[in-house]
1. How many of the residues in segment 305-328 are under 16 Å from GLY286 (Cβ atoms), of a type in the set (Phe, Trp, Tyr) and within 7 Å of the ligand (Cβ to nearest atom)?
2. Could you say whether any residue in segment 230-248 is of a type in the set (Lys, Arg) and buried (at least 16 other Cβ atoms within 10 Å of the Cβ)?
3. I need the full set of residues from segment 303-353 which are in contact (Cβ under 8 Å) with a residue 12 or more places away in the chain and among the basic types (Lys, Arg), in order please.
4. Quick one: which residue in LEU91, LEU124 is over 30 Å from ARG49 (Cα atoms) and crowded, with 23+ Cβ neighbours inside 10 Å?
5. Kindly indicate the residue of segment 249-287 that is over 26 Å from the mean Cα position of the chain (by Cα) and under 22 Å from LYS333 (Cα atoms) and also surrounded by the fewest Cβ atoms within 10 Å (Cβ to Cβ) among those meeting that condition.
6. When you look at GLY121, is it in the same structural domain as GLN347 (by TED's automatic domain parsing), at pLDDT below 95 and more than 23 Å from LEU196 (Cα to Cα), yes or no?
7. Checking ALA108 against (1) among the aliphatic types (A, V, I, L, M); (2) open to solvent by 40 Å² or more (accessible area, probe 1.4 Å); (3) without any contact (Cβ under 8 Å) to a residue 40 or more places away in the chain, only one condition comes out false. Which one?
8. Consider only pairs whose beta carbons are under 8 Å apart and that are at least six residues apart or on different chains; among these, list those whose first residue lies in segment 35-50 and is touching a residue at least 24 places away in the same chain (Cβ under 8 Å) and whose second residue is of a type outside the set (D, E, K, R) and not in a loop (DSSP other than H, G, I, E, B).
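The values are calculated or read from the model by the stated rules, or taken from the named source; none is laboratory data. In this text, all values refer to a predicted model and were calculated from it rather than measured experimentally. With ideal geometry, Cβ positions are generated from the backbone for all residues, glycine too; neighbour counts draw on all protein chains shown. Note: accessible area is taken over every heavy atom of the protein model, side chains too, but ligands, DNA and RNA are not part of it. Shrake-Rupley method; radii C 1.70, N 1.55, O 1.52, S 1.80 Å.
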Amino acid sequence: MSATVPAKAALGPFENSRGRDSEVKPNIKDLSREELIDWLDQHKEPSYRSDQIRRWLLQRGVFSFSEMTNLSTALRDTMGREFSISRLPVLLKSRSRDGTEKFLFGLADGYSIETVLIPEGGRLTLCLSTQAGCGLGCTFCATAQMGLRRNLKSSEILDQIIEVQAVMGAGKQLTNLVFMGMGEPLANYEQTLKSLKDMTDARGGLGFSPRRITVSTVGLVPQIRRLMEDTKVNLAVSLHATTDAVRSRLMPINRKYSLAELIECCRALPLQRRKRITFEYILIQGINHEPADASRLSSLLKGIRCKINLIPFNPYHDSPYQPPTPAEVEGFKDLLMRRGFQVNVRQSRGQDVQAACGQLWADFRSERVNPKSSYIEHGV
Ligand code: SAH
């Protein structure tokens, strides 16, 4: 870490735009399209205004009603009296040598969440958080150490996109969204679903194709089924082990939904044409990368239209595990490829800025930075 920017410079714009009583007014971004239409109807305004307003909020990312110049002054004033427009202040921003950028955002109640921007080839992917902390206790995950602080609101999930887009400016556009930041999206199902609706709504929402959105889960079986019925987004399942004994040790959720149950659920999902489930598999030294693991993995996934992402464990401060050697990773990959699977090795991005989930928070805590008053920019 390097220079600390004076607190005033970091907080100025947010203080100005929030206004004094923003906490008590409902945030307009928490209204669904339908709720906003109802509100407009009560105020004798036509329903098409809903998409106009939502385009200002979600596509243009404005932070004041006065900027909504295609609406009457009277409507802008009424909205300003009844609603606030949320912002997520950036508490910490870091950029890795590989181009990955990490944002630590402050929530209104003092908790903080992480969002990671990953440039890769022609893609610009944003990795979103759905909870402050996480309650699932996976033993390899830095976020798990925090425990669950709270679920994010849909607006707080969307604001991660809006704020990062504002930092990038109009010249750069996000191409992909992945729910692989802090938290378990399917443990915050309603708000995750609500945010997905706004992300994929082309009329007034962000207009992402569902094919460019991936939701990653520890494997909450009933919610996986619901997600596949409610949306057309891609599914990624964090598998990480091939026996119940090892998986339960790594992921306590396995005691509730066993490997057999999870795999059965995945096998039965109605996948649209050309769609595949992604299985994520962290490789951890001495735990899950023997040839017998590769063999069991291929038996488990046989017949499921899928791809496998191998992720060498990304160590963090005090982490109990280590990754295998690169040769061991390649060996594991080869065994799976010989069985006909599509396999990618996903190197953790932004390792020099602690970009694995939960790590920036851990870093932040250890620096004892006051989240309300400081902003730190890492060296590029
Ligand atoms: N709760 C969801 C999404 C958040 S984690 C899930 O578990 O899928 C996103 C991915 O990062 C998951 O596959 C998770 O297992 C992986 N991950 C977490 N900590 C990691 C670490 N230290 N090294 C490598 N991958 C990690």
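1. Selection size over segment 305-328: 1.
2. Keep residues of segment 230-248 that are of a type in the set (Lys, Arg), which gives 232, 247.
Keeping just the survivors that are buried (at least 16 other Cβ atoms within 10 Å of the Cβ) gives 247.
So far as segment 230-248 goes, yes, one or more of its residues are of a type in the set (Lys, Arg) and buried (at least 16 other Cβ atoms within 10 Å of the Cβ).
3. ARG305, LYS307, LYS333, ARG339, ARG346, ARG349 - these are the residues of segment 303-353 that are in contact (Cβ under 8 Å) with a residue 12 or more places away in the chain and among the basic types (Lys, Arg).
4. On the way: LEU124 fails: crowded, with 23+ Cβ neighbours inside 10 Å.
It is LEU91.
5. Here the residue is GLY286.
6. Numbers: in the same structural domain as GLN347 (by TED's automatic domain parsing): yes; at pLDDT below 95: yes; more than 23 Å from LEU196 (Cα to Cα): yes.
It is true that GLY121 is in the same structural domain as GLN347 (by TED's automatic domain parsing), at pLDDT below 95 and more than 23 Å from LEU196 (Cα to Cα).
7. (3)
8. That search, which allows pairs on different chains as well, returns HIS43/LEU75; HIS43/THR78; GLU45/LEU75; ARG49/LEU40; ARG49/LEU75; SER50/LEU36; SER50/ILE37; SER50/LEU40.
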